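Down below is the structure, laid out as structure tokens.
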Amino acid sequence: MEGYGVQIQVDGKPFPVGFDAEKIKSGKKIQTYTDDVIIGTYPKCGTTWVRHIICQLMIEDYKPRAGKELFVYTPTIEVVGKEAIDRMSRPRILKSHMTYGDIPKSFEAKYVFVVRNPKDVLVSAYHMAKNMKAGSYDELDFDMFFELFMRGKYAVGCYFDYHKEWLCHLNDHNSLLLKYEDMVADLKDGVEQIGKFLGGRAAEITRDSERLVEVVEASTFNSMKEDQGRWMQDMFKDQQQFVRKGTPRDWKNYFTQEQSDRVDEKFKATFKDTIAENWWQEEMKWED
């Protein structure tokens with residue numbers, strides 16, 4: 001496994017190779033405002049999905065396309081850095097995979113935290129890693145990637161540690177917790193939750209039944225899979241496989257029972273006596 005942990009260390013935290021350390025450091029220091037919306041997730045937990053929904057609710061002329069992709073509307077704090085974010089007009093919609101401790105804080109800004117069960121996250125991350133043009137994971141099979149993920153050597157580090165840090169702050173008045181699987185089961189309810197939390201234009205749209213239906217239909221997985229070049233710049237071997245399946249329990253097509261048990265044990269040990277202790281019991285069980 002030596003040589004396959006493609007990360008850099010910035011202030012003691014892991015980030016993907018290719019990230020700019022100075023932009024990461026400056027991104028932590030951005031000034032936040034009362035009308036900021038910051039979306040926090042571990043990679044492959046539904047970030048693009050929720051960003052797309054929020055943009056529809058908040059931005060009147062939102063139309064992601066080549067040259068003005070979703071990442072232009074909602075840049076990643078640690079990728080673009082403070083200077084680029086300072087130039088944005090308000091209200092700003094920002095995204096980050098940084099840990100809670102590194103996320104810029106404001107008492108009045110709104111924070112949307114999206115979670116997804118670790119087994120499906122691992123499989124989704126595997127497919128994205130193999131699809132990257134950079135080729136850092138080309139020689140890894142699924143079993144090798146599983147070991148990297150469990151050792152916290154993928155992307156921004158350990159899935160379990162990342163979530164445990166965020167869990168301590170989910171009762172804050174300006175935070176909204178969304179479960180990926182709940183949104184799959186009832187997308188309309190998820191969009192309504194987001195609109196109510198954001199208030200203003202977003203709340204008005206979700207109270208209007210016709211406009212709400214438009215947002216929901218534009219946010220289904222079938223819709224998300226169309227014209228995937230609108231989400232980000234051309235960084236994949238197959239751009240149309242960025243949004244792949246989104247189906248809970250797809251992990252059963254990849255895991256051995258031993259791997260499933262290892263994730264279960266790690267999950268139980270990490271989240272015992274937290275609000276996440278009983279999350280995803282159906283989605284993560286080995287038995288069909």
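Below is a table of values for the structure above.
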{"read-out": "Computed FRET value (nearest 0.05) for Asp261 with Lys105, which takes r as the C-beta separation and R₀ as 25 Å", "value": "0.10"}
{"read-out": "Hits among aspartates and glutamates - C-alpha to C-alpha of Lys272 under 12 Å, sequence gap 8 or more where chains match", "value": "Asp264"}
{"read-out": "Listed residues Arg201, Arg207 arranged by accessible area, highest first, probe 1.4 Å", "value": "Arg207, Arg201"}
{"read-out": "Correct option for mean projected area of the Cα convex hull in nm² [calculated from the coordinates] among (1) 14.6; (2) 24.3; (3) 15.4", "value": "(1)"}
{"read-out": "Distance in nm between pseudo-label sites at Glu214 and Glu60 (7 Å out along the Cβ direction from Cα)", "value": "1.3"}
{"read-out": "Length released on extending from Val72 to Asp143, taking residue separation times 0.36 nm less the Cα-Cα span", "value": "22.1 nm"}
{"read-out": "Extension gain (nm, one decimal) between Asp273 and Gln9, 0.36 nm per residue minus Cα-Cα", "value": "92.0 nm"}
{"read-out": "Carbon + sulfur, % of accessible area of region 56-122 - ligands and nucleic acids excluded, 1.4 Å", "value": "50"}
{"read-out": "Residue pairs, from the table Lys13/Lys44; Lys225/Lys268; Lys28/Lys164; Lys196/Lys266; Lys105/Lys188; Lys110/Lys179, whose Cα atoms sit over 23 Å apart", "value": "Lys225/Lys268; Lys196/Lys266; Lys105/Lys188"}
{"read-out": "Chain lengthening between Lys225 and Asn171 when straightened (0.36 nm per residue, less Cα-Cα)", "value": "16.1 nm"}
{"read-out": "Rounded to the nearest 20 debye, dipole of the chain from Cβ charges on Lys, Arg, Asp, Glu", "value": "720"}
{"read-out": "Computed magnitude of the charge dipole of region 1-93 (debye, nearest 20; Cβ of K, R +1, Cβ of D, E -1)", "value": "120"}
{"read-out": "Sequence-distant aspartates and glutamates (8 or more away, or on other chains) whose Cα lies within less than 17 Å of Lys29", "value": "Asp11, Asp20, Glu78, Glu83, Asp86, Asp102, Glu108"}
{"read-out": "Farthest positive-ward along region 247-288 dipole, Cα basis, beta-carbon charges - from Gln281, Phe267, Thr247", "value": "Phe267"}
{"read-out": "Virtual spin-label span in nm between Met132 and Lys164, 7 Å along Cα→Cβ", "value": "2.5"}
{"read-out": "Efficiency of FRET from Cβ geometry, Asp86 and Asp288, R₀ 51 Å, rounded to 0.05", "value": "0.50"}
{"read-out": "Listed residues Tyr159, Tyr111, Ser124: farthest to the positive end of the dipole of region 95-168 (Cβ charges)", "value": "Tyr111"}
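The values are calculated or read from the model by the stated rules, or taken from the named source; none is laboratory data. Everything quoted here is computed from the prediction, not taken from an experiment. Cβ sites come from the backbone with ideal geometry, for glycine too, and all protein chains shown count toward neighbours. Surface accessibility is based on the protein's heavy atoms, side chains included, excluding ligands, DNA and RNA. Shrake-Rupley method; radii C 1.70, N 1.55, O 1.52, S 1.80 Å.
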